[in-house]
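Colleague: Mind looking over this structure? Questions follow.
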Amino acid sequence: MNIKNIKMNSKKYFYITSVLIVLILIFQMSPSIIHKAYSATAEELQAKIDEKNKNIEALNKEIQLYADLTDKTSKEAKTLQNKIKSLTQNGKMLDSDIKKTKSQISVANLAIQKIGINIKSSEDKTSHFRSVIEHELKVIQFNEDTSFVENILGKRNLSDALVEVDNIRKLNENLGKEIDSLKSEKQILLENKTKKEETKKQLTTLQTELSGKKKVVEENKQEQSQILKETKNKEQTYQQILAQRKAQKEALDKELFDYEAALKYTLNPSLIPTSTSKAAFIWPFDKVIITQLFGKTSASKRLYVSGTHNGIDFGAKVGTPVKAVANGVVAGAGDTDLTCKGASFGRWILIKFDNGLAATYGHLSVISVTEGQRVTSGEIIGYSGNTGYSTGPHLHMSVYDASVVKAETRPSVSCGGKIYRMPIAPVGAYLDPRVYFPK
């Protein structure tokens, strides 16, 4: 081994040692610097999110207060004063609900900004780790240009040789740590990007809800105005209207039952899901409150000509988003109040699902879909309400064999020969909804 080789290896030793020290410093310090560069802004956004969430909690309490007052009033005597009082309380609840939705939209926007900062931070860290790894690989490649034995023999003393061996070992250990850090940061980056897309979808849903709830507010105002116009603010006139609507409701019930009972039909079980299969439906609401079941119930004999309830009722305050319970196509939508106000479904939607079942959604305040439109499970199709013949805000759902139910247009004797349009099915085609919802 000549002097020239010893000098060259000494330079290599100095180079590797110097680069190693620099790389270790960069590895330790840079992620911390990158984190500090973004954390302040992320913390500011989180503080705003926390403030908005506190506001949402307060609004939730306010909404529940008005909802309880509305529910209490609706159970009191059916007087004009109580009806106006109920609509006023409902209006205040809806206003608070809109404020809540706006706050939720703000939270979603702030969350998207925060996630964006986290993504940028991860991208910078990923770029940093790639750069460090690239430099370390170059050092290792530089070292491998000369054999390990030649490196050891070229040292002036054993101490130098051992130091270089230790440096190379540290370099390789460091490389392993950085590769692990790179993998971890890439996973964080992927999770943040997924979270951002999910939050964007949530934001779109909230914006849709805000638009729908604004329509519900307008409907509530129009109903209040219409009642005052019809009654001229006189209790006697209001009671006469209630009696007339009840009589029309009973007459229309009998008319429809007689017509549907005369329709010939035999259920083909192979066309619909079985009760032992996976749930055919999801729930139409996030919070499920069932107020009346299918069939003979404590109220069915009193409320219906047939003596049975042909669907299932869900308790829900006015303006609650209603979801499609499965994938399907809107086979009809309408408003029976245009023909016989307060006598039937009110605003309704009929959906035929891909699984062979169909369902009517009744008493809606707002319809958000159109006939022929394809809907997916969980999609908002409307908002619950109190239209048609309803003793309080709720959603009525009837479920059928989809092969026979259809939206029919017919003149109604009980409604003075006026034309109504609503879902019609043979009596035997009405199915118990509980069979198809999650257990």
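Colleague: Just to check your reading of the model, which residue among 213, 264 is exposed (fewer than 15 other Cβ atoms within 10 Å of the Cβ) and not aromatic (Phe, Trp, Tyr)? Give the steps one after another, and end with the answer.
Modeller: Details: 213 fails: exposed (fewer than 15 other Cβ atoms within 10 Å of the Cβ).
After ruling out the rest, the residue left standing is 264.
Colleague: I would also like to ask the following. Considering each of 242, 256 in turn, give the residue that is surrounded by 11 or more Cβ atoms within 10 Å (Cβ to Cβ) and touching a strand residue (DSSP E or B) at 6+ places or on another chain (Cβ under 9 Å). Working first, answer last.
Modeller: Working: 242 fails: touching a strand residue (DSSP E or B) at 6+ places or on another chain (Cβ under 9 Å).
Matching residue, one of 242, 256: 256.
Colleague: Same structure, new question: If you take the residues in the range 338-356 that are surrounded by 24 or more Cβ atoms within 10 Å (Cβ to Cβ) and among the β-branched types (Val, Ile, Thr), which one is farthest from residue 406 (Cα to Cα)?
Modeller: 349
Colleague: Of the residues 423, 411, 393, only one is more than 28 Å from residue 97 (Cβ to Cβ), in the same structural domain as residue 316 (by TED's automatic domain parsing), buried (at least 21 other Cβ atoms within 10 Å of the Cβ) and not aliphatic (A, V, I, L, M); which? Please lay out each step first, then the result.
Modeller: Numbers: 411 fails: buried (at least 21 other Cβ atoms within 10 Å of the Cβ); 393 fails: more than 28 Å from residue 97 (Cβ to Cβ).
Just a single option satisfies the conditions, and that option is 423.
Results for (1) surrounded by 13 or more Cβ atoms within 10 Å (Cβ to Cβ); (2) under 30 Å from residue 126 (Cα atoms); (3) of a type outside the set (Lys, Arg); (4) modelled with pLDDT of 85 or more, shown as yes or no for each residue.
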residue: 1; (1), (2), (3), (4): no, no, yes, no
residue: 13; (1), (2), (3), (4): yes, yes, yes, no
residue: 47; (1), (2), (3), (4): no, yes, yes, yes
residue: 56; (1), (2), (3), (4): yes, no, yes, yes
residue: 81; (1), (2), (3), (4): yes, no, yes, yes
residue: 84; (1), (2), (3), (4): yes, no, yes, yes
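Colleague: Then there is this: Has the range 353-365 got any residue that is on the phi < 0 side of the Ramachandran plot, touching a His at 6+ places or on another chain (Cβ under 6 Å) and assigned to a strand (DSSP E or B)?
Modeller: Quick first cut of the range 353-365, residues on the phi < 0 side of the Ramachandran plot only: 353-355, 357-362, 364-365.
Keeping just the survivors that are touching a His at 6+ places or on another chain (Cβ under 6 Å) gives 362.
With assigned to a strand (DSSP E or B) added as a condition, the list becomes 362.
Among the residues of the range 353-365, at least one is on the phi < 0 side of the Ramachandran plot, touching a His at 6+ places or on another chain (Cβ under 6 Å) and assigned to a strand (DSSP E or B), which makes the answer yes.
Colleague: Continuing with this model, one more query. Condition first: touching a Gly at 6+ places or on another chain (Cβ under 8 Å), surrounded by fewer than 23 Cβ atoms within 10 Å (Cβ to Cβ), aliphatic (A, V, I, L, M) and more than 30 Å from residue 100 (Cα to Cα). Can you find one or more residues in the range 305-321 that meet it?
Modeller: Taking every residue of the range 305-321 in turn, none turns out to be touching a Gly at 6+ places or on another chain (Cβ under 8 Å), surrounded by fewer than 23 Cβ atoms within 10 Å (Cβ to Cβ), aliphatic (A, V, I, L, M) and more than 30 Å from residue 100 (Cα to Cα).
Colleague: Moving on to the next point. Exactly one condition in (1) within 15 Å of residue 216 (Cα to Cα); (2) buried (at least 23 other Cβ atoms within 10 Å of the Cβ) is false for residue 359; which is it?
Modeller: In the conditions (1) within 15 Å of residue 216 (Cα to Cα); (2) buried (at least 23 other Cβ atoms within 10 Å of the Cβ), residue 359 misses (1) alone.
Colleague: Then there's this: Is it the case that the range 357-380 has a residue that's of a type in the set (Asp, Glu), touching a Lys or Arg at 6+ places or on another chain (Cβ under 8 Å) and either touching a residue at least 12 places away in the same chain (Cβ under 8 Å) or under 27 Å from residue 201 (Cα atoms) (or both)? First the steps, then the outcome.
Modeller: Residues of the range 357-380 of a type in the set (Asp, Glu): 371, 379.
Those left that are additionally touching a Lys or Arg at 6+ places or on another chain (Cβ under 8 Å): 379.
From what's left, either touching a residue at least 12 places away in the same chain (Cβ under 8 Å) or under 27 Å from residue 201 (Cα atoms) (or both): 379.
Yes, that holds for at least one residue.
Colleague: Scan 195, 201 and give me the residue that is surrounded by 15 or more Cβ atoms within 10 Å (Cβ to Cβ) and modelled with pLDDT of 80 or more. Break it down stepwise before answering.
Modeller: Working: 201 fails: surrounded by 15 or more Cβ atoms within 10 Å (Cβ to Cβ).
Going through 195, 201 in turn, just one is surrounded by 15 or more Cβ atoms within 10 Å (Cβ to Cβ) and modelled with pLDDT of 80 or more: 195.
The values are calculated or read from the model by the stated rules, or taken from the named source; none is laboratory data. The shown structure was predicted, so the numbers you read here are calculated from the model rather than taken from an experiment. Here the Cβ is made from the backbone with ideal geometry for all residues, glycine too, and neighbour counts use every protein chain on show.
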